1. Once both axes come from the Cα atoms, what is the angle between helix 56-76 and the longest principal axis of the chain, in degrees from 0 to 90, rounded to 10?
2. With +1 on each Lys and Arg Cβ and -1 on each Asp and Glu Cβ, how big is the dipole of the chain about its Cα centre, in debye rounded to the nearest 20?
3. Report the one residue of I59, G21, I80 whose Cα lies farthest in the direction of the positive end of the charge dipole of the chain (charges on C-beta: Lys and Arg +1, Asp and Glu -1; origin at the Cα centre).
4. If you average the sequence gap of Cα pairs under 8 Å that are 6 or more apart and divide by the length of segment 2-108, what percent do you get for the contact order?
5. Taking the chain as the reference, fit the longest principal axis to its C-alpha atoms, fit the long axis of helix 24-50 to the helix C-alpha atoms, and give the angle between the two in degrees, 0 to 90, nearest 10.
6. Using mean Cβ contacts within 10 Å as the protection proxy, how do 61-74, 3-16 order, highest first?
7. Between E18 and A105, what length in nm is gained on full extension when 0.36 nm per residue of separation is reduced by their alpha carbon distance?
8. Enter the angle in degrees (range 0 to 90, nearest 10) between the Cα long axis of helix 2-20 and the first principal axis of the Cα atoms of the chain, meaning the one along which they spread out most.
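The numbers here are math on the coordinates, done by the rules we state, and not lab data. These numbers come from a predicted model, not from an experiment. Here Cβ is always computed from backbone atoms with ideal geometry, including for glycine, and neighbour counts include all displayed protein chains.
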Amino acid sequence: MLMDRIAAAQASLMALGESYGVNPVIFAVIYVGAIPFFALFTGLAIKRVRAGQNAVLPILAAGLCFVSAYLYLAIVGHGIPLWVWAFLGLLVAYGAWSAVKSFRAKVKQ
């Protein structure tokens, strides 16, 4: 029974992705795969700021990692509803605020 529900959810997700031109597996791989790079570039930026060096490039790279899955969605997706973009905008804004807050706290340590 559980396996039937999982299979149905998977089929539904794949059909939804197909209707918008987005492969959910690729989206998930980009989303999860960017996490270690985001951490790497954030750590590098913190290290450079603490050393009094320019940290623009690692901060930009961390930002690119942060939005990479949504860039994929924007590039290959079509007909994505406006409410999805609004929701993603809120998620990105909150995530950016949280990341900046965390970054500043780590730089002060």
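1. It is inclined by approximately 10 degrees.
2. In debye, rounded to 20, the chain gives about 820.
3. Ranked along the dipole, the leading option is I59.
4. On the way: 61 pairs, mean separation 31.5, N = 107.
Relative contact order, segment 2-108: 29 percent.
5. In the chain, helix 24-50 runs at an angle near 10 degrees to the longest axis.
6. Details: 61-74: 17.3, 3-16: 10.1.
Highest mean packing first, the order is 61-74, 3-16.
7. Details: separation 87, 0.36 × 87 = 31.32 nm, distance 4.17 nm.
Result: 27.1 nm gained on full extension.
8. The helix 2-20 is inclined about 80 degrees to the chain.
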